[in-house]
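Accompanying notes for the structure given below.
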Amino acid sequence: MIQLDEKIYFYLLFIIPVMIVLFLMLQFWKKRTQKKFADLSLLKRLTPEKSDFKSYLKLLLFTFGISFLALGLVNPKVGSKLETVKREGVDIVFAVDVSKSMLAEDIAPNRLEKSKRLVSEIINQLASDRIGIIAYAGQAFPQLPITTDYGAAKMFLQNMNTDMLTSQGTAINEAIELATTYYDDDEQTNRVLFIISDGEDHSENSTLEAVEEAVEEGIRIFTIGVGKDKGAPIPLKRNGVVESLKKDAQGEVVITKLNEEILEEIADEGDGEYINGSNTEEAVEFIREQLNQMDKTEFEAKQFAEFKDQFQWFLGAGLLFLFLDIFVLDRKTRWLKRLNLFNEYEEEAR
């Protein structure tokens, strides 16, 4: 397993093609200028010690030097072994509503960004729990399976948007049904599902049926409401600029409101709690307390251990090549000349 710490330094490799192009342009200019000055065979007699090969060798050494220095700055790390670690925790799945109504700005900056911040802050409070992420609108889509990699979870979370699912609407039942497939039956862990939504459910009857089935599977369902009771229009933006507001079939501006009733009903039926997400700090603290009260189940997690820095080898090689480049002169090497490889110098004598 290899990790790269500072990938931005790969941009240094763009120096190499630039140097090659400049070198070839310089060689072309030299050849053309020399032809104007004297005949090629005469120039060789006038500068018998000049080596054409050495200039290409210097370019090669410089290229290797820059390449290895860039790799050293990136700092590749190698995981030396795969370990199985015993951990205790709860299996948590976050189902995040990504329907168009989540673009409403009755809660800053909008409902979806608020939801993502809530989930991110909850993850920050976790220690050894496993987490998964689901995105849903008119249908549910698995975003991240159960994992202990919190960094990957946050990356997938930040990439979520209202355009990722073409089927619009809010089918909470599909999110619950998909969540039941996330938990590992072989690991008898405590199972928690957080539904983060504005509560606009277009399949209410099916949702309560899905909740009953989830409870039978041992899943506790918590709901987090995002939005305001008074509601707000849904802005349609392009490049960050509002072009219009979403309208219904009659041409009236759609006002989307937080439906706390359905979210409270889902939480009651799901043996969980409803949490108003308006105050991030209070919501996260309440969830942290709820999770701490749950029994932790031991499970195994495989992970690479003992990641070791390897930058020193690349930096050393890079500096060595650049050091050699300094001492490679344009003159022909005397000891190599004595070896007379390929009879090159006999031909010159003639």
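The values are calculated or read from the model by the stated rules, or taken from the named source; none is laboratory data. Since we're looking at a predicted model, the values are computed, not measured. When we count neighbours, we look across all protein chains shown, and the Cβ atoms used for this are built from the backbone with ideal geometry, even at glycine. To get the accessible areas, we keep the full protein, side chains included, count just its heavy atoms, and leave off ligands, DNA and RNA. Shrake-Rupley method; radii C 1.70, N 1.55, O 1.52, S 1.80 Å.
Summary of values
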| item | result |
| --- | --- |
| Odd one out for Leu178 among (1) aliphatic (A, V, I, L, M); (2) at pLDDT below 90; (3) assigned to a helix (DSSP H, G or I) | (2) |
| Matching helices (runs of 4 or more DSSP H) fully within the range 1-83 where at least 3 residues are polar (S, T, N, Q), at pLDDT 65 or above and surrounded by 14 or more Cβ atoms within 10 Å (Cβ to Cβ) | 52-74 |
| Residue in the range 247-263 that is farthest from Leu208 (Cα to Cα), counting only those that are part of a helix (DSSP H, G or I) and open to solvent by less than 80 Å² (accessible area, probe 1.4 Å) | Glu260 |
| Exclusive hit being under 30 Å from Ser101 (Cα atoms) and at pLDDT 95 or above, set Ile262, Ile275 | Ile275 |
| Counted residues, the range 153-165 - those being open to solvent by 70 Å² or more (accessible area, probe 1.4 Å), closer than 30 Å to Ala127 by Cβ and part of a loop (DSSP other than H, G, I, E, B) | 1 |
| Qualifying residue in the range 101-118 (condition: farther than 30 Å from Gly240 by Cβ and either surrounded by 22 or more Cβ atoms within 10 Å (Cβ to Cβ) or not polar (S, T, N, Q) (or both)) | no |
| Lone qualifier among Glu282, Glu298, Glu269 - being modelled with pLDDT of 90 or more, over 28 Å from the mean Cα position of the chain (by Cα) and loosely packed, with under 13 Cβ neighbours inside 10 Å | Glu282 |
| Residue among Ile146, Ile92 that is β-branched (Val, Ile, Thr), more than 21 Å from Pro235 (Cβ to Cβ) and open to solvent by less than 20 Å² (accessible area, probe 1.4 Å) | Ile92 |
| Selection within the range 136-152 - hydrophobic (A, V, I, L, M, F, W, C), within 21 Å of Ala267 (Cα to Cα) and either under 16 Å from the mean Cα position of the chain (by Cα) or assigned to a loop (DSSP other than H, G, I, E, B) (or both) | Ala137 |
| Criterion violated by Gln168 - all others in (1) open to solvent by less than 50 Å² (accessible area, probe 1.4 Å); (2) at pLDDT below 90 satisfied | (1) |
| Pair list, Cβ under 7 Å, 6 or more apart: the range 288-316 residue within 22 Å of Gly72 (Cα to Cα), other residue part of a helix (DSSP H, G or I) and modelled with pLDDT of 70 or more | Phe311/Gly72; Phe314/Phe68; Phe314/Leu71; Phe314/Gly72; Leu315/Leu69; Leu315/Gly72 |
| Check on Thr333, modelled with pLDDT of 85 or more and open to solvent by less than 80 Å² (accessible area, probe 1.4 Å) | no |
| When residues of the range 189-246 are limited to those that are in contact with a Ser or Thr (Cβ under 6 Å, 6 or more places away or on another chain) and in a strand (DSSP E or B), the one surrounded by the most Cβ atoms within 10 Å (Cβ to Cβ) | Ile195 |
| Filter result for Leu319 (surrounded by 10 or more Cβ atoms within 10 Å (Cβ to Cβ), outside any helix (DSSP H, G or I) and either at pLDDT 70 or above or not small (Gly, Ala, Ser) (or both)) | no |
| Residues of the range 156-180 that turn out to be without any contact (Cβ under 8 Å) to a residue 24 or more places away in the chain and touching a strand residue (DSSP E or B) at 6+ places or on another chain (Cβ under 9 Å), as a count | 2 |
| Flag if Ile133 is of a type in the set (Val, Ile, Thr), within 24 Å of the chain's Cα centre (by Cα), open to solvent by less than 10 Å² (accessible area, probe 1.4 Å) and farther than 16 Å from Ala214 by Cβ | yes |
| The range 13-27 residues that are closer than 13 Å to Tyr56 by Cα, paired with ones that are of a type in the set (Gly, Ala, Ser) and surrounded by 11 or more Cβ atoms within 10 Å (Cβ to Cβ) (beta carbon under 7 Å, 6 or more apart) | none |
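Residues checked against (1) in contact with a Leu (Cβ under 9 Å, 6 or more places away or on another chain); (2) in contact (Cβ under 8 Å) with a residue 40 or more places away in the chain; (3) of a type in the set (Asp, Glu):
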| residue | (1), (2), (3) |
| --- | --- |
| Ser206 | no, no, no |
| Glu216 | no, no, yes |
| Gly225 | yes, yes, no |
| Ala232 | no, yes, no |
| Ala249 | no, no, no |
